[in-house]
Amino acid sequence: MKVGLFVPCYVDMFHPETGIATLELLERFGLSVEYPVDQTCCGQPMTNTGCEREAAKTEELFVRNFEKYDYVVTPSGSCTNQVRNNMTAIEQSDAVKHVRSRTYELVEFLHDVLKVDAFPWAEFPHRVALHNNCNTLRNLRIASMSERREEPFSKPKALLKMVRGIEFADLTRPDECCGFGGTFSVFEEGVSAKMGQDKVTDQLKSGAEYVTSSDSSCMMHQEGCARRMGANLKYIHIAQILNGARA
Amino acid sequence: MSGSREAILGAIRKNHVQGERARPAVPLFDQAAPFDLKALFQRSLERMGGRMLTPDATDPMAPVRQAIVKPGPVLSCVPEFEGDMKITPQTKPTDIAPVEYAVLRAAFGVAETGSLCFTEKQLHVNTTGFLPQHLVILLDPAQIVYNLHNAYQRPEWTQAHYAVFQSGPSATADIEGVLVHGAQGVRSLSVLFHPAS
Amino acid sequence: MTAELHEELTDPHADQLDHGAASSRPLKSRISEPQPRGAKIRGNRPVDQSEAANRFMAATEHEAMHDARLWDLRQKRDKEMHGIEEWEELRDLASGIKEHTLSKLDYYLELFEKNATANGIKVHWAKDGAEHNAIVLDILRSRGVELLIKSKSMLTEECGFREFMAKNNVEVIETDLGERIQQLDDEAPSHVVVPAVHKLRTDVASVFAKTIGSDPDNADAHYLTECQREATRPLILSAQAGMTGGNFVVAETGTFVVCTNEGNADLSANTPPLHIASIGIEKLIPGLDDLAVFIRLLSRSALGSPITQYTSHFRGPREGSEMHVVLVDNGRSERLGMEKFWPGLKCIRCGACMNTCPVFRRSGGLSYGATYAGPIGLIIDPTFNVHKYRNLPYSSTMNGSCTNVCPVKINIHEQIADWRRTLAGDGEISPVKKVMMKAAGEVLASPVVYRASLPLGRSALRHLPHFMLYNKLNTWGRKRDIPETPKQTFNEWYRKNRKQPGEGEKS
């Protein structure tokens, strides 16, 4: 199984440790993982804003970088959703279709494809609040959502439960969007920041020391709000916890 | 304006981009109906802000009399109870305005929602359901259906010109979510199980 | 976490009565503060929702109450959902019934007309708001009506009905408490179900003190509600005509159905000798079996109450009175032909998407500057005026909660994305967005340009991903700290620490 690693632009730039943890974690399972160094972005900022035409070349580049792999794995559900469900600015060739159907968010790849049943190296003796990115939750269906009458399930929680010492902190509005929303965070800054502050307040009230998520983008926004508010909360990507980070 | 009628229907016909979609069959969803619909009805009614009166075997109308605690005219639309006022062929809708209590019989009840159905047959003048300050309602327990699917199988819908489900009293919470009964319609609604004679 | 939440919400024993629009727990505002007003309307210029939202959030007591109140309705809705085993099946049915009806809308409209006419209802057809208003005025004038009582109707808001009637010397009295508050304050409803939900009790007290003479220092909800009841009742008794909307129209029986919690539609319809109902042509459903599905879903979705206190079925005039139905198109037949957007016509105006929308809860409904606010507004308003409402589809994080609470399964968040695509394609996009996205698209399409653009200079403004980078306003940093840039990017780390596959083509 040849796996291509996609490291989203903001992870590459601000959270290289998340990319490293993702790579190391996949390597622990004996996979051959490559990171095509000419990658940039999935095209989401443009698509998200409605500018499909402007996204086309970025999408083409993405496909060129990843068409040779059996799976594309990325530590971002939001980018996965873009590739799988919204990469429509370019002609749907076989290569495009292959890449789109084979791109997985890290948690669902571990849970659904590798069917991992243990992380013997992982121990995280902390109180952790889990945040699900909205695309990951409601479009990739990584967990059950409170809006629907369905059997409760959570893939990230199922994986985290295999980590020694971890304790979960419950939020009062676990499914509420944190207000990042891609370009929304810039164009609609006021509401975005208010939603972020409310999310941080909920996390603080839950008694969490750490917040974890399979999406860095939401956490970058939340962390930005938390720091400005002087909130004592730490943000860590789920890849790092599963890869054995202790703090 | 018949020109508009044709224009609208024409535009619709031109714009049917979706192709014909099949009509789903709606099940009755009543497999889980409990044997005792009275208990479920009572729970639902109370949830909606209505009140159940306790039957009195020796004096069936005593609970109705006891429910009438405020002074003012009592209008009875049922033969079982004698009020101060009766509906006559001359009664106008606005004549109901001074009524403090109206005593009515419901056509039937719905256990799922605690709803009572009235048509012009029970109301005589439709405003008897809304202009009085309070309602006291007789409901035949044999006339309770389990859910709304069952309710819409009843004959009233194609017999009456007007039919209403009243589920508890008039309620509003338009100011900061504070529940207030009697926004425009009745301030209270009490129900007595009483078989129709 | 979701599991625990589900369990908590399935508890059927409520601590207090919370039917109708009531909150499940007391939510009393603590202070009085001037009420923020809605979006500034400047002719046909695009509405700036964010500007109005920022003013709403600056009124912190209003924002906090609005958010808490609507979130509570969402939770009440969840609790009802857990009490109905067939909930998701009902949503499928509701969606299917609406899609079926819309696909044969001409047939069902004619069927309704035939059956209603046979029962003595006079059916009128109006292609737009102006024609609707003219039809109603004609009926009223010919009967010498000067005072009209009416229940809430979003359609009449679309038609600018009250303003029109005021110009033509017909006094219109709204009888829904929330709508009456808004009428007396000369403001549009901010929410389809709870029109005054953006107001605090003190705001209502000051409106009523000015208009119906209540005590300005008494902001008790019971007192204020009673004042309104007392002030409205004589008008109900003296009005010569009553008007309602219609939530559902049953074609096979010729019935239209109105749902209220206050009983005000029944009073409006049954007290005066003339009843006019204004109904959008998309409200049709085939039969009574179908109606059951919608009545079960409507109030549960809207307010978390099993049913509205009053569900009223009108099939013909009562003896000695007249009943008219005005079927209004106002853009609906055109929307039916919009490949991506016709499913918006399934909407039953429950407001569940507004209650759940995190942007709506923090912005207030008037910030949208349109008849329909919140998620459903974002996808409907541009069909009325694409230029004026072109910014609205951006007032969303596209989180998808709306789509999943929608009782008729409208793919709201997907349509928001489709609108953005449509607007950008048609040039209806703000220049700043266009320029930024064009630049971002060029940078991200080329690994070389992209790598060169990275924040190697480590200057504060450049410490952000591209779509933020090109924003000279640097809105990110106003209320959020900018992330620190690490010593090296992942790309740099990888090149140093791993054997690389062939470096792809450079562009």
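Using the Cα coordinates of region B:38-136, the gyration tensor eigenvalues translate into equivalent-ellipsoid semi-axes of 23, 17, 12 Å, sorted from longest to shortest. Between residue C:334 and residue C:134, the FRET efficiency estimated from the beta carbon spacing at R0 = 30 angstrom works out to 0.90.
Name every cysteine in chain C that ends up alone, with no second cysteine's Cβ under 4.7 Å, or say none. Unpaired cysteines in chain C: C:159, C:227, C:259, C:347, C:350, C:357, C:406. May I ask which residue of B:10, A:90, C:445 lies farthest towards the positive end of the charge dipole of the protein assembly as shown, with charges of +1 (Lys, Arg) and -1 (Asp, Glu) on Cβ and the Cα centre as origin? Value computed over the given set: C:445. Considering every pair of different Cα atoms, what Kirkwood radius, in Å, is found for region C:28-170? Averaging 1/r across every pair of different Cα atoms and inverting gives 20.5 Å. Each Lys and Arg adds +1 at its Cβ and each Asp and Glu adds -1 at its Cβ; summed about the Cα centre, region A:2-113 shows a dipole of about 180 debye.
Counting only other chain Cβ atoms within 10 Å of each residue's Cβ, the peptide B:113-119 averages 4. In this structure the amide hydrogen of residue A:211, modeled in the peptide plane, comes within under 5 Å of the amide hydrogens of A:129, A:234, A:235, A:236, none closer than 5 places in sequence on its chain.
Counting only other chain Cβ atoms within 10 Å of each residue's Cβ, the peptide C:286-294 averages 6. Packing, as the average of other Cβ atoms within 10 Å across residues, places the peptides C:86-93, C:64-71 in the order C:64-71, C:86-93, highest first. Residues C:266, C:329, arranged from fewest to most other Cβ atoms within 10 angstrom of their Cβ, appear as C:329, C:266. Placing R0 at 56 angstrom, the Cβ-Cβ distance between residue A:29 and residue C:238 gives a FRET efficiency of 0.10 after rounding to 0.05.
Sort chain B into rounded, prolate or oblate with this rule: let a ≥ b ≥ c be the square roots of the eigenvalues of the Cα gyration tensor; rounded if a/c is under 1.5, and if a/c is not under 1.5, prolate when a/b is larger than b/c, oblate otherwise. Here chain B falls in the prolate category. Pairs of Cα atoms in chain C fall into 20 Å distance bins, from 0 up to the last occupied one, in shares of 20, 51, 22, 6, 0 percent. Peptide C:485-498 shows a mean partner chain C-beta count of 6 within 10 Å per residue C-beta. Residues in region C:287-296 carry Karplus couplings, in order, of x, 5, 4, 6, 4, 4, 4, 6, 5, 5 Hz; the curve used is 6.51 cos²θ - 1.76 cosθ + 1.60 with θ = phi - 60°, and Gly or Pro positions show x. A Cβ-based charge dipole, computed about the Cα centre of region A:127-242 with Lys and Arg at +1 and Asp and Glu at -1, lands at about 280 debye.
Quick one: if you stick a label point 7 Å off each Cα along the C-beta vector at residue C:220 and residue B:30, how many nm between them? Each label point is offset 7 Å from its Cα along the Cβ direction, giving 4.6 nm.
For chain C, the share of DSSP beta bridges that are antiparallel, to the nearest 5, is 25%. Within straight-line reach of residue C:433, meaning a Cα separation under 20 Å, sit the following lysines at least 8 residues removed in sequence or on another chain: A:57, C:388, C:472.
In the elastic network of chain A, a GNM with C-alpha springs shorter than 10 Å, the most mobile of A:113, A:72, A:11 is A:113. Modelled label positions at residue A:68 and residue C:42, each set 7 Å beyond Cα in the direction of Cβ, lie 5.5 nm from each other. Charge dipole of chain A (Cα centre as origin; +1 on each Lys and Arg Cβ, -1 on each Asp and Glu Cβ, all else neutral): 400 debye, rounded to the nearest 20. Does chain A classify as rounded, prolate or oblate by the C-alpha gyration tensor (a ≥ b ≥ c root eigenvalues; a/c under 1.5 gives rounded; else a/b over b/c gives prolate, otherwise oblate)? Oblate, because a/c is 1.5 or more while a/b does not exceed b/c.
Here the Gaussian network model covers chain B, with springs between Cα atoms less than 10 Å apart; of B:176, B:100, B:46, B:176 fluctuates the most.
In plain terms, the C-alpha convex hull of the protein assembly as shown casts an average shadow of 38.8 nm² when viewed from every direction. DSSP assigns beta bridges within the protein assembly as shown; of those with both partners inside it, close to 25 percent run antiparallel.
Comparing B:41, B:130, B:81 in a Gaussian network model of chain B (Cα springs below 10 Å), the most mobile by mean-square fluctuation is B:81.
Summing Lys and Arg as +1 and Asp and Glu as -1 over all other residues whose Cβ lies under 10 Å from the Cβ of residue C:278 gives a net charge of 0. Roughly what percent of Cα-Cα pairs across region C:48-116 reach past 17 Å? Considering region C:48-116, 69 percent of its Cα-Cα pairs are separated by more than 17 Å.
Here the label points at residue C:86 and residue A:201, each 7 Å from Cα along the C-beta direction, are separated by 4.2 nm in the simple model. For chain A, what is the calculated [θ] at 222 nm in deg cm²/dmol (nearest 500), taking -39500 (n - 2.57) for each run of four or more DSSP H residues and dividing by its residue count? It comes out at -12000 deg cm²/dmol, rounded to the nearest 500. Cβ-Cβ distance of residue C:51 and residue C:211, R₀ of 30 Å, FRET efficiency by 1/(1 + (r/R0)^6): the value works out to about 0.55. Other residues whose C-beta falls under 15 angstrom from the C-beta of residue A:119 contribute a net charge of +3, scoring Lys and Arg +1 and Asp and Glu -1. Label point 7 Å out from residue B:92 along Cα-to-Cβ: which residues of region C:200-237 have amide N under 15 Å? What the label zone holds, given the 15 Å backbone N cut-off, is C:234-237.
The numbers here are math on the coordinates, done by the rules we state, and not lab data. As the structure is a computational prediction, the values presented were derived from the model and not from experiment. Glycine also receives a Cβ, built like all others from the backbone with ideal geometry; neighbour counts cover every protein chain displayed.
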